[in-house]
Each structure stands twice: as C-alpha cells, then as structure tokens.
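Single-structure report; data block below.
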Amino acid sequence: MKPTRTWYRASVPNPSIFRPRTYMTPASSRAISTVERSRGAEWFPAGAEGAATGSDGGGSSGRGSAGCEGAASSGEAAPSTRGARRQRRARAARLSWVRKARFSVADARMTHRGRTRRPYHDRMKFDILGPAAAGGGRGSFLLRDKDDMTHMRSFHPSMSGRGKPLLSLLLASGLSLAAASCGESEGRPGGRTGGSTTGGTRNTTCEKGESKGEVAAPEYKMTLGGETSWFASPVVRDLDGDGNRELIAAYDSVFVHDAEGNVLAKAEGGEGRVYAPHVVADLEGDGLVDIVYGSDHEVWAYEWKDKTLVPKAGFPASTTTANNAPEVRGMAAGDLDGDGVLEIVVTTTQTASTEDGGAQVFVFRADGSLHQPAGIGFPAWPRYNALTGAGNDADRNGMGHSGYGCYGLNVAVGNIDDDPELEVLATYDNHHIQAFDHDGVAIDAAPFFTNRANEFEGERLTWGQFIRWADPKVEADHYNLHTGEWPHPSFAEWLQWTASPPNVVDLDGDGKNEVLGVPNIEKNEPYETQAYAIMVLEGAHGDGSRSAMRKPGWETLPRGEKPIEVEGYYPPGGVPAATTVNIQGDDKPEIVAPFNDGFVYAFGADAKQIWRFNYTHGKAIMFATEVTVADLNQDGSPELMFATYGDPNVLDSGYLVILGADGTLLHDVPLHNTGEQNGNGNGAPAAPAIGDLDGDGQVEIFVQTFEHGLDVFTVPGSAENCLLWSTARGGPLRMGQPNGD
C-alpha cells in the first residue's frame, strides 16, 4: 500500500497576492493563524541533492526517493522508540532552522478543473528549501480550497530591502519538515502544478563586474504611450552617435523615444501592423542608422538623419507575388555575400502556389531592390520561383519546390556550410524547413534523404522537399529505406513549422553551426498539436553527408506537454522562439524556449532538460514571450527575462518574470495595469528588451504590450557589462543568434 504522507495547508485572504516570488521567514515573525495538518495529501520533495522540485526537471519523470528513515505511513506500524527519538531530534533541528527558512513560491498557479475558471479553488504549490544542516533537501506543500485560504490572516508581503517580500510566518510546532529533506519525489507530468523545476547551475558565464549582491527587483519607471503591440521587440541604440541613446518601438507605426520618454519621431509608412521585430542597423555603412520594418505586404525603411526619420530611397519594397498581397511576418538582416553591405531578409504569409508565382522568402538590398549576386544566370530572389533549369525551383531534383505561408518570425541568417557566405533558413506552414544559399539556391540534404515517389525515386532531396516526422525511424524508413507504409498523421506524428523561428547555433563548440527550431508536433485528423519540441539539424559542412541530419544525441526530440488551447483567434498563440546562449558556464550554449504549454524550458547541448518554469500565474490561458538574457547584478551569472500575455478579457495577464540561470524565480512583476482592454490580448507578446537608455549605468527593461503601450522598469545595481540576448531574435539584426550591428 502506498504510504500516506503528511501534507500541510495554509491559507490567505486574497489569492491574487500569491505571485511567484521569494519570501523570508524571520525569527521574530508571528505565527500563522492556521496551519492545518492534513492526512492523505502529498508532499513533493526533490530529495537531498537539491534536484528538481514538483515537476520533471532534467528530463526525468519527476519521481524518485530520498530514502528517509522512519517515515510514518498509512498502514505501517508506529516507529520504534529508537526511531521515534531520531525523528524527534531531526524535527527539532528542522524547526529551529525553519524560523529562518527561505520559501520560494515556485508556482502560484491554481489548477482549473476542466475549463471552468475558479479564482480560489484547487491547489497552489510552494517549495521549501532546506540548508545542508537540515538535510540539504527541498520539499513542497500545497495550498488548497477556498475556505482554507481565508485563515492565514497574518500574511502580508511587504516590500523591503531589494524588493524581497517578507512573509510573517512561523510554522506551528506540529509541522514536520521531513519531506523538505527526504521522501518520495512525486511530480505531476500531466498537469501544470509545478513551478520552477531547477536542475541547472548558476556558474560564471559573463565577466564579473561590481556586483552589489542579489538581483534587485525591477522598479517601475514610466509607461510610454503607443499602439497595439505584436512581436516587434524594442531596440535601444544611439542612433546618431551623440552619446544619447534612443528607444525604437514598433506597433502599427514606429516610434523613436528619448530617455525621458518623449517621442522624437514617428514613422507611419504602411497600412498594417508591424508584426515581426524590426531591424535597426546601418545597412550600407554610410554612417546613418536605418530602421527597417514590415507593414502589411511592404518593407519600409527610414534613415535617422538630423534628429528625425527620413524615408530611405528605394522603399517601400513590395512582397506581392501572384497578384496576392501577403503580410510580412519575419525579418532579419545580414551581409549574405560579404561585400560589407547588409541585406534584408523577409518571410511572408503568401499562400499562392509556387506554380502560380507565389513566393514567401525575399532578400532586399539596402536600396530596396531585390538582391542579385553578380555572375549568376538565374534570378536569386524571391523564392520559390516557377522557373526551370539550373538554380531554379520548378524542376529542382525532378519534383521541384513548393512553399506555403510563413506565419511567425520564420527566418534566421547564419553560416551553416564551409563557404564564407551566409545562408538563409526559413520555416513554412507545409511542414518544411528550408536552407538557402546566399544566391537563393536551396541546399541539398544528405544523400540519406531520397525521393520515394515512383517518378523521382532515388533522387536526392533539398532540406525543404520533404516533411519532417517526429520519429526518426519513420524518416529512415520513408526517405532512406523506402519501406513500410507511407506515413500519415492519422498514425504518425509530423512536424509543423507554421510559426517556428529557426536559430543558427554551434551547440558543441566544434566551429560548425547547427540549425535549431521549435516545431509543433501534430497527429490525427483533423490535425491536433500534441506538443512542441526541439529539433536540431546538422549543417551542410564538408561533403554534405550530414546535411539536414539530426544531430547525434538529438534523434529523439525533447518535447513538452499538450499546449494551452484557445477558442478562436485571440489571444494569438505564443511564438516559440528559442534563445541560444551559454547560461551554465560550460562553454556550450543552452536552449531556452517557451513551449506554449505553460512552461519555459531550458535544455543543454546534450538534449537533456535542465529545468522548466511554470509561467501561467493561475490563468487558464497564458503565453510567454521569447526569453532575453543579461547579467543584471554583475556577478557573472546571467538572468533570464520574459513577459506574459493572455485572454483579452483577463486584465491582469501581463507580467515581467526574471529567473536565475538555474530556473529559480527571482522576481515576478505585474505590468502597469491601466485597466485598458484590447481585443487581441492582455499583456506583452514581444520579448522584453534590455539596455541602458538614460546613461545612468543601470539597465532598463522595456516591455511592450497589447493594450497600454510600453512599460519601462529600471534595475537598481545593474549594468550593461553582459547583454547576451538583448532583444528579440538575439539582437537588432534579428538573425536568430546573438548579433549586434
């Protein structure tokens, strides 16, 4: 019979104050009015090694045993006298410790039964972290039930010091902390009751500065007026070299603010929203910084000249093909051919067929013309084209190419082969991920992948000529061995790249870049998303024999849980953009990404899950932004920042969340709630941007919202010494890797 462990319930007068924060219990604190001991409920300790709490960190099931001696359980005999003495001594030691205990509110999410929203019911899970003297372990307890929550009258988090709330809490003498240091770890893989599931480290990654201690809580500074925001994360930059930085924020229009929040200029070109992150860079090296953005089907560019925005010659550039005007949904910049001039790469929602002339991927020069490298006899861009012959798409490898809409930041730029030019990576809504050379020619996948169709059997395939399937055996049977039943989503899982931004990253430090994406896994008819996952593919290095192959160790895709479902179109689902930087101090980048299932995940270069963090704040519908990274307190270990958004009718869905490199929650700050409503969503869909706008030596964090403009926070004691991923897509060039200008 499974042991019945002890579980403790406490309660609060208002559940909304239970945000994931850190609380301290000073020795002088008052007792809780009620700490209720309850049989039959569960502890969720992680054991004596400080492993993951209450969830499945490190890629494990979240189940284990810490091997406690003398643990009482239902149906067992009472412990021996000798055992009882040991328990009493252990309990006394832990009770003396708990008066100074550190409590981390790992998860304040109240699990909803079904889809019914009940703001008080169900459970809230808290972690208890014990020092080595008390076993060095961790445990969790749950707050549950509306009535129980009314008892804890002494709870009042007061902000003090560096913004760390204090919890006036002294556990009653009957509280046993056995589960804080030992016992069975029992996570809930199927639910979202877990909080920060840590298993990582906080080693030195950045050069240390003059650290003033722990990361201070962000302090609200001001809100800048704006329009409806989408996924265009702001940029901080000194546009004209005068020593004063500007903030560039894109909504339906693009605003340039000074450090006091004043609007210096506004670009209103275009008839639509700015969905994709805008590029801020000096494209041609003429000393004038350009601001480039997509609006509807056009690409607009302005120069910062004489303290204002001046339309750039040659723009707007159109992406309309096949007489069908799409929307620009992805943008990046890079010097593709090494001539010292940046090209602008965009992806669009074009749904017209390739045969009819529909194209999704464009590359523009700094003068607004289509990029055309010298010396080639075919049109380089846009792609795909409906032409035949060398360099073209209609008859490539016999079967030709076919694309369909790129809906969510679906582009990256980087070098994935052995030549000096850069490649373009694009993901599509027809289950394809494609790699293009700088001249627009699609790159062949490894000879492992060949066509199975009778007419073209045995023909080699490019990256984007075949569907990716979750199971590597399905791909091997279908594309290499040409055996077995043709796969179909009715019985096999395929990958969908509709809104999956690719990244370019050297995961193993061998000097050769891989390609990474976060597709959603679909199955059944009609298609149902089962989970989001990470796929890592090798580049076209050497003889191309590993091109588009799964990187060793990544054959089985790390995946999340069933994603949060939205009825209708709003709020839009989160864009699962990965952040690839070194946060563990091991000289290899980690992968941090929101999976739209209520968690932000961190994976190592070895494909193992390091930790995951629950961001739902007790909401049935909530999504997280892309994660940005900086060492805020100059201690050499970076912090991770993201924002949240949710249902348009739930007006407290916006938060700024700061985690330690090990996934520990440091601060959870509600955005400045103005009470305004926006039918698209509530909160911040764009990644927070980080930078020192006002020149005081401390960084600000900029959070752009659907409904009330842009919130500015300052972080006391911070500095700019280590900005690893300062804005969406790694920097102002939006390349899908760390980038500057």
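The values are calculated or read from the model by the stated rules, or taken from the named source; none is laboratory data. This structure is a prediction, so every number in the text was calculated from the model and none was measured. Every residue, glycine among them, receives a Cβ derived from its backbone with ideal geometry; neighbour counts consider all protein chains shown.
Given the residues Glu639, Glu676, which is the only one that is out of contact with any Lys or Arg (no Cβ under 6 Å at 6 or more places or on another chain), among the charged types (D, E, K, R) and under 21 Å from Pro738 (Cβ atoms)? Break it down into steps so the answer makes sense when it comes.
Values: Glu676 fails: under 21 Å from Pro738 (Cβ atoms).
Going through Glu639, Glu676 in turn, just one is out of contact with any Lys or Arg (no Cβ under 6 Å at 6 or more places or on another chain), among the charged types (D, E, K, R) and under 21 Å from Pro738 (Cβ atoms): Glu639.
Listed here are the residues, each with its yes/no results for (1) over 16 Å from Gly736 (Cβ atoms); (2) among the hydroxyl-bearing types (Ser, Thr, Tyr); (3) in contact with a helix residue (DSSP H, G or I) (Cβ under 9 Å, 6 or more places away or on another chain); (4) not in a loop (DSSP other than H, G, I, E, B).
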{"site": "Gly400", "(1), (2), (3), (4)": "yes, no, yes, no"}
{"site": "Cys406", "(1), (2), (3), (4)": "no, no, no, no"}
{"site": "Ala412", "(1), (2), (3), (4)": "no, no, yes, yes"}
{"site": "Asp419", "(1), (2), (3), (4)": "yes, no, no, no"}
{"site": "Val424", "(1), (2), (3), (4)": "no, no, no, yes"}
Qualifying positions in the stretch 424-448 - surrounded by fewer than 23 Cβ atoms within 10 Å (Cβ to Cβ), touching a strand residue (DSSP E or B) at 6+ places or on another chain (Cβ under 8 Å) and of a type outside the set (A, V, I, L, M):
Asp429, His431, Asp437, Asp444, Pro447
If the Cβ limit is 7 Å and pairs must be 6+ apart or interchain, which residue in the stretch 202-220 that is on the phi > 0 side of the Ramachandran plot pairs with which residue that is in a loop (DSSP other than H, G, I, E, B)?
Gly213/Asn633
Quick one: which strands (runs of 3 or more DSSP E) lie wholly within the stretch 586-631 and hold at least 3 residues that are over 20 Å from Arg734 (Cα atoms) and under 11 Å from the mean Cα position of the chain (by Cα)?
599-603
Given (1) without any contact (Cβ under 8 Å) to a residue 40 or more places away in the chain; (2) at positive phi, number of the condition Gly261 does not satisfy:
(1)
Only one residue in Glu514, Glu485 is of a type in the set (D, E, K, R) and buried (at least 20 other Cβ atoms within 10 Å of the Cβ), so which one is that?
Glu514
For Thr644, which of the numbered conditions (1) within 23 Å of Ile690 (Cβ to Cβ); (2) touching a residue at least 60 places away in the same chain (Cβ under 8 Å) fails to hold?
(2)
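I'd like to know if the stretch 672-685 contains one or more residues that are assigned to a strand (DSSP E or B) and touching a residue at least 40 places away in the same chain (Cβ under 8 Å). Steps first, answer last, please.
To start, the set of residues in the stretch 672-685 that are assigned to a strand (DSSP E or B) comprises 682-683.
From the residues that got through so far, the ones that are touching a residue at least 40 places away in the same chain (Cβ under 8 Å) too are 682-683.
Yes: one or more hits.
Out of the residues in the stretch 634-654 that are crowded, with 24+ Cβ neighbours inside 10 Å and not hydroxyl-bearing (Ser, Thr, Tyr), state the one that is farthest from Pro685 (Cα to Cα). Outline the logic, then answer.
So the first thing to find is which residues in the stretch 634-654 are crowded, with 24+ Cβ neighbours inside 10 Å, and the list is 637-646, 653-654.
Now drop any that are not not hydroxyl-bearing (Ser, Thr, Tyr), which leaves 638-643, 646, 654.
Details: Pro638: 22, Glu639: 20, Leu640: 16, Met641: 13, Phe642: 10, Ala643: 7, Gly646: 9, Gly654: 9 Å.
Ranking the candidates gives Pro638 first.
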When the stretch 306-332 is examined, which residues are found to be without any contact (Cβ under 8 Å) to a residue 24 or more places away in the chain, of a type outside the set (S, T, N, Q) and either in a loop (DSSP other than H, G, I, E, B) or buried (at least 16 other Cβ atoms within 10 Å of the Cβ) (or both)?
Asp306
Go through the stretch 511-549 and count every residue that is touching a Gly at 6+ places or on another chain (Cβ under 7 Å) and closer than 16 Å to Ala605 by Cβ.
5
Checking Ala301 against (1) small (Gly, Ala, Ser); (2) modelled with pLDDT of 95 or more; (3) out of contact with any Lys or Arg (no Cβ under 6 Å at 6 or more places or on another chain), the condition it does not meet:
(3)
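Would the stretch 536-548 turn up any residue that is more than 27 Å from Val441 (Cα to Cα), without any contact (Cβ under 8 Å) to a residue 12 or more places away in the chain and surrounded by fewer than 21 Cβ atoms within 10 Å (Cβ to Cβ)? Let's see the steps before the verdict.
Initial filter on the stretch 536-548 (more than 27 Å from Val441 (Cα to Cα)): none.
Within the stretch 536-548, not a single residue is more than 27 Å from Val441 (Cα to Cα), without any contact (Cβ under 8 Å) to a residue 12 or more places away in the chain and surrounded by fewer than 21 Cβ atoms within 10 Å (Cβ to Cβ).
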